[in-house]
Structures are given as structure tokens and as C-alpha cells.
Amino acid sequence: MNSIRSGVTAAVLALAAAGLCLVAGTANAAPFPVIADAPTAIASRYLSPATESPAGANRFGCRDRDGRNPVVLLHATAMNQSANWAYLAPTLANAGYCVFSLTYGQTSWSGNTGGLGNKEQSARVVSAFVGRVLAATGADKVDVVGHSQGGAIAQLVTQLPGRAEQVGTIVGLSASNRGYSRVGSITDRLPARAPGQSYWGPTHRSIRYVNLATRFDEISTPYTVTLMPPGPDITNTVIQDVCPASKIGHVGMAYSPTVAALVRNALDPQRRVPVVCGSDFPG
């Protein structure tokens, strides 16, 4: 009996050790905890240090078994990586993706909160982070998912020398694609790329652009500012065209199972997952 117990114990320890190696070296680790409720995620993570990663993110030894690009997540205005990506980062990591995130755009007065600094400086910070991800993973390209301002920053990064060739797909979640975000009478204008240019372009033929928008967006108004002009490598999807009953709002885009499925299908069209309509955080 003791020999049987010893054998079982040895087997368990061996499996545990293998699991630890799996966590360190591949994307398919044990499930990471997911916070699906937006108010809970924001309340519990908004005061987290800016350097605190969301669950499943920033495993720099990660290798995607399916050969997909590493995914860089860029948060919205006045957010940090931990709060903004408490749902999507672990959801993607649990699906086998190598996920990376950072808090960008901090100022001397914003503390742990980002997305408040000079946008072009933010783009340079994100660009350096992309370089770090590429060096660590050995990948040729990254894919980027940006929420609100994060989507616009992703496009600005691709205007920097050499970066467009290193980005495969940009997925915007209620992204500021027309160069500004408006809340009522308050307009946050992002730096134009040329005199009089209101878009973040030019777009790059080597990049796929997927924009997810909601008609109930209360931050970027009208919601059409989160879409791009039609083009061969541009896909615009309004959530209510997929799920007519959805009342999802701007913030809720980062915490939605529906949006997460659409993101996964944008990142990996060859392995599409079902898009289920359900209750999403409305705000």
C-alpha cells in the first residue's frame, strides 16, 4: 500500500511540475480567473498599480501552439491595464493566445491611471513595448486590440518607422477612429497625422482593420466615429447588427462575451467560435 501511495504521489508531483513548465512556456496554461462584471472589475482593479498585469497577460516566455501572433491590449482613456482587461486578457489567454498589456499615457498627476498623457508620446511608449514583445516571443508580428483611445493609439503606432510591417491586425473596440472622442460638449482631439486630416490614417494595406461599435455608445458620439471608411482590408461591425437586443455601451465593450467572441474571430478567422448574444453591461 505504501508503495502504491508513493507511486501516486510521484505521479501527482510529476504532473504538477509539468503543469508549471506549461504555464511558463506555452499559452495553454491552467485557466486564468475572469472577471466578467464591469463594475466589479473596475471597482476591484482601478486602484491597482499601473504595472499590475491582468490575469493571463505578460507571460514573456509564452509561445502560441497554433502559431498565432501575440496580442497586445491597449486600454481606454483614464484606465489602467488591470481594470480595462480583467475580462478580455484572461479570456484570450484561456483560449491559448499569448497576451500582453501595459498602462500607457500616465502623467505626473494621474497616478496609476493611464490614457491621459500626450498621445504621440503614448504611441512611442507602446511602440517600444511592441518591440519588447516581438523580441521576447520571436514573432514577426503582433495583433493589437484597442479599447476607445487604445484603438487610435494602435493606429498611431503604425505610423512610426518600421512598425506597420510588424502589425497584422488591429481590432478596435469603440475606438476613436475619426481622430477624436466626444462626451457631450467635451471633445478630446487626438493629433492629426497631416494638416487638416481628421482620420488616423493612412491605413496600411498589410494590416487588417476590424472595428467593433455599438449604437448605444455614450462616450464616442455619434457611434459612427468609431468606424472607418470602407476599404478592402477594413471590416466594420455594429454589435446590434449581430445581436439586435444588445444595449451594450462604450465601457461594456471590454467586458462582453459577445465582443470577446468577435475579437477571437477577428484575430483567428480560421478557428471561428460561436458568437452568443446575451446580457452585456450596458454602460
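Under 7 Å between Cβ atoms, which residue pairs at least 6 apart in sequence (or on different chains) link something in region 147-158 that is in the same structural domain as Ser122 (by TED's automatic domain parsing) and within 19 Å of Ile248 (Cα to Cα) with a partner that is among the hydroxyl-bearing types (Ser, Thr, Tyr) and not in a loop (DSSP other than H, G, I, E, B)?
Once the first residue is in the same structural domain as Ser122 (by TED's automatic domain parsing) and within 19 Å of Ile248 (Cα to Cα) and sits in region 147-158, its partners that are among the hydroxyl-bearing types (Ser, Thr, Tyr) and not in a loop (DSSP other than H, G, I, E, B) give Ser148/Ser181; Gln149/Ser181.
Return the residue satisfying two criteria in turn: it lies in region 203-254 and is out of contact with any Ser or Thr (no Cβ under 9 Å at 6 or more places or on another chain) and part of a helix (DSSP H, G or I), and of such residues it is surrounded by the fewest Cβ atoms within 10 Å (Cβ to Cβ).
So the residue we want is Asp241.
Taking the options Ala123, Ala78, Ala86, name whichever one is over 16 Å from Ala164 (Cα atoms), modelled with pLDDT under 95 and not aromatic (Phe, Trp, Tyr).
After ruling out the rest, the residue left standing is Ala78.
If I filter region 106-114 for residues that are within 15 Å of the chain's Cα centre (by Cα), at negative phi, assigned to a loop (DSSP other than H, G, I, E, B) and in the same structural domain as Ala55 (by TED's automatic domain parsing), do I get at least one hit?
Within region 106-114, none of the residues are within 15 Å of the chain's Cα centre (by Cα), at negative phi, assigned to a loop (DSSP other than H, G, I, E, B) and in the same structural domain as Ala55 (by TED's automatic domain parsing).
Condition first: touching a helix residue (DSSP H, G or I) at 6+ places or on another chain (Cβ under 9 Å), in a helix (DSSP H, G or I) and within 21 Å of Arg45 (Cβ to Cβ). Now tell me which residues in region 126-146 satisfy that.
Once the filter is applied, which keeps residues that are touching a helix residue (DSSP H, G or I) at 6+ places or on another chain (Cβ under 9 Å), in a helix (DSSP H, G or I) and within 21 Å of Arg45 (Cβ to Cβ), region 126-146 yields only Val126.
Within region 258-268, is even one residue loosely packed, with under 14 Cβ neighbours inside 10 Å, assigned to a loop (DSSP other than H, G, I, E, B) and in contact (Cβ under 8 Å) with a residue 12 or more places away in the chain?
no
Name the residue, out of Thr226, Thr235, that is in contact (Cβ under 8 Å) with a residue 12 or more places away in the chain, under 20 Å from Asp280 (Cα atoms) and not small (Gly, Ala, Ser).
Going through Thr226, Thr235 in turn, just one is in contact (Cβ under 8 Å) with a residue 12 or more places away in the chain, under 20 Å from Asp280 (Cα atoms) and not small (Gly, Ala, Ser): Thr226.
With the requirement that a residue be over 23 Å from Leu212 (Cα atoms) and surrounded by fewer than 19 Cβ atoms within 10 Å (Cβ to Cβ), what does region 130-155 give you?
Gly131, Arg132, Leu134, Ala135, Ala136, Gly138, Asp140
Please indicate, with yes or no, whether at least one residue in region 40-53 is within 13 Å of the chain's Cα centre (by Cα) and either part of a loop (DSSP other than H, G, I, E, B) or over 20 Å from Ile170 (Cα atoms) (or both).
Yes, region 40-53 contains at least one residue that is within 13 Å of the chain's Cα centre (by Cα) and either part of a loop (DSSP other than H, G, I, E, B) or over 20 Å from Ile170 (Cα atoms) (or both).
Run down Ala95, Ala83 and say which single residue is under 17 Å from Ala36 (Cα atoms), surrounded by fewer than 24 Cβ atoms within 10 Å (Cβ to Cβ) and not charged (D, E, K, R).
Just a single option satisfies the conditions, and that option is Ala95.
Looking at region 21-33, is at least one residue modelled with pLDDT of 95 or more and either among the β-branched types (Val, Ile, Thr) or out of contact with any Phe, Trp or Tyr (no Cβ under 7 Å at 6 or more places or on another chain) (or both)?
Among the residues of region 21-33, at least one is modelled with pLDDT of 95 or more and either among the β-branched types (Val, Ile, Thr) or out of contact with any Phe, Trp or Tyr (no Cβ under 7 Å at 6 or more places or on another chain) (or both), which makes the answer yes.
The values are calculated or read from the model by the stated rules, or taken from the named source; none is laboratory data. Fair warning: this is a prediction, and the values are worked out from it, not measured in the lab. A quick note on method: Cβ atoms are made from the backbone with ideal geometry, for glycine too, and the neighbour counts reach across all protein chains shown.
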